[in-house]
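> One structure, pasted below without further comment.
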Amino acid sequence: MILISLNILNYRNIREGRLEFSPKLNCLVGLNGQGKTNILDAIYLLSFTKSALTAIDSQNITHGEDLAMVQGVYNDGMSREQGSLNEGMMEVSCGLKRGLKKQFRLGKKDYKRLIDHIGLIPLVMVSPRDERLIEDGSDERRRFMDVVIAQQDRHYLECLTAYNALLKQRNTLLKQIADRGEALSANDESLLEVFDAQMVPHAEYIYGARKRFIEAFIPVFQDIYNRIADGKEQVSLRYISQLNDRDLMSAMARTRQRDLILGWTSQGVHKDDLEMQLGDYPLKTVGSQGQQRTYVLSMKLAQALYLNKPILLLDDIFDKLDRERVARIIALVQEDSFGQIFITDTDRQHLTQLLSGDASAKIFQVEDGIIK
């Protein structure tokens, strides 16, 4: 998948931008706060129908303006209109207007459900925010798995959406019963059994997909880490799930009274996690800043290989890494196994030196939302 061109109007601090890209390597250079990340976010928006920076669409509209638009033209090499000039090309656009629902469109056709767009334009974004994978709770690590699996498996996304909706309903019922302070009635028992029966098939599919993904993912991840670290450190990754050793339907019935006390569901794939280790110890406790950054970066690059040449956004990834590791990363992502890449950095000389000899690379200067 190649992003050929991008048009931006009033998106965050980018009032107007028309960019044409290299099919391989594109670099956005400028000081912090000038708009480099906002350009990457506009590209992210066209893949995931939402911003990576905020969940509130109106916050992406330039201050003082009423509407924003992001439009991308892609070449995915697929044949849609046999023999036509538009063969292999597609246009995706998103319109934002204050007080109105956002308009997301493929060609001239609006989506009825935004979920139907996920996976059409595979993309992986790497940024300093990824450190939350290590620092935050298990929900961030589950999201890491969900984002990549959902781009390849539409049924997975449907199951995940349904499971989360049922989980929310079950938790609401548990809290209502607990707040009443009464014994569990026959009607309450029946409702919980219905929720359990509906949740279990979705949970089993999610578990199976996550397990298969991690099994295929681990050797790729370890190989990338070894290449960046020059083989000086050993890392491991393990998928932790309650479904590894129990039948979910029985477990949910067995822990029903405890769930009533807690006011939430204690069993299920919403408790899954990833165990990250450096050597024999938890990465979070023994890893240096550079090692933690290398670990997370290796996970995201392995995502890109797993998805088979998605668009790859590398936002300010060189901080906390020594020059040798940066050079290995640049050499790695320029290989044919990776697709189109967008890199942001504050140092043009730094990038120019690293990319010397690559005639296909394009460098854009970003200053106060203006792109040259």
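> Answer yes if at least one residue in segment 83-95 is closer than 30 Å to Leu237 by Cα, surrounded by fewer than 17 Cβ atoms within 10 Å (Cβ to Cβ) and touching a strand residue (DSSP E or B) at 6+ places or on another chain (Cβ under 7 Å), and no otherwise.
no
> Something else about it: Loosely packed, with under 14 Cβ neighbours inside 10 Å and within 21 Å of Arg210 (Cβ to Cβ): which single residue out of Glu367, Glu275, Glu324, Glu335 fits that description?
Glu275
> Of the conditions (1) in contact (Cβ under 8 Å) with a residue 60 or more places away in the chain; (2) within 28 Å of Arg154 (Cβ to Cβ); (3) in a helix (DSSP H, G or I), Tyr295 fails just one. Which one is it?
If we test Tyr295 against (1) in contact (Cβ under 8 Å) with a residue 60 or more places away in the chain; (2) within 28 Å of Arg154 (Cβ to Cβ); (3) in a helix (DSSP H, G or I), just (2) comes out false.
> Among the residues of segment 145-194, count how many are aliphatic (A, V, I, L, M) and over 25 Å from Ala209 (Cα atoms).
Looking only at that region, the number is 9.
> Of Asn32, Asn75, Asn7, which residue is assigned by TED's automatic domain parsing to the domain that holds Gln103, modelled with pLDDT of 95 or more and of a type outside the set (D, E, K, R)?
Every option except Asn7 fails the conditions.
> Something else: How many residues are under 23 Å from the mean Cα position of the chain (by Cα), more than 25 Å from Ile56 (Cα to Cα), assigned to a strand (DSSP E or B) and not aliphatic (A, V, I, L, M) when one looks only at segment 11-32?
2
> Can you report the number of residues in segment 8-64 which are more than 26 Å from Glu335 (Cα to Cα), of a type in the set (Gly, Ala, Ser) and touching a helix residue (DSSP H, G or I) at 6+ places or on another chain (Cβ under 9 Å)?
The number of residues fulfilling the criteria is 3.
> Going by the conditions given, is Glu215 outside the structural domain of Val326 (by TED's automatic domain parsing), within 25 Å of the chain's Cα centre (by Cα), of a type in the set (D, E, K, R) and exposed (fewer than 15 other Cβ atoms within 10 Å of the Cβ)?
yes
> Could you tell me which of the residues Asp273, Asp315 is of a type outside the set (Gly, Ala, Ser), assigned by TED's automatic domain parsing to the domain that holds Gln34 and closer than 20 Å to Arg141 by Cα?
Among Asp273, Asp315, only Asp315 is of a type outside the set (Gly, Ala, Ser), assigned by TED's automatic domain parsing to the domain that holds Gln34 and closer than 20 Å to Arg141 by Cα.
> Still on this structure: Right, Ala203: assigned by TED's automatic domain parsing to the domain that holds Glu275, surrounded by 17 or more Cβ atoms within 10 Å (Cβ to Cβ) and in contact with a Leu (Cβ under 9 Å, 6 or more places away or on another chain) or not?
Judged against the criteria, Ala203 is a match.
The values are calculated or read from the model by the stated rules, or taken from the named source; none is laboratory data. Not measured: the values here are computed from a predicted model. Because the Cβ atoms are built from the backbone with ideal geometry, glycine has one as well, and the counts that use them run over all protein chains shown.
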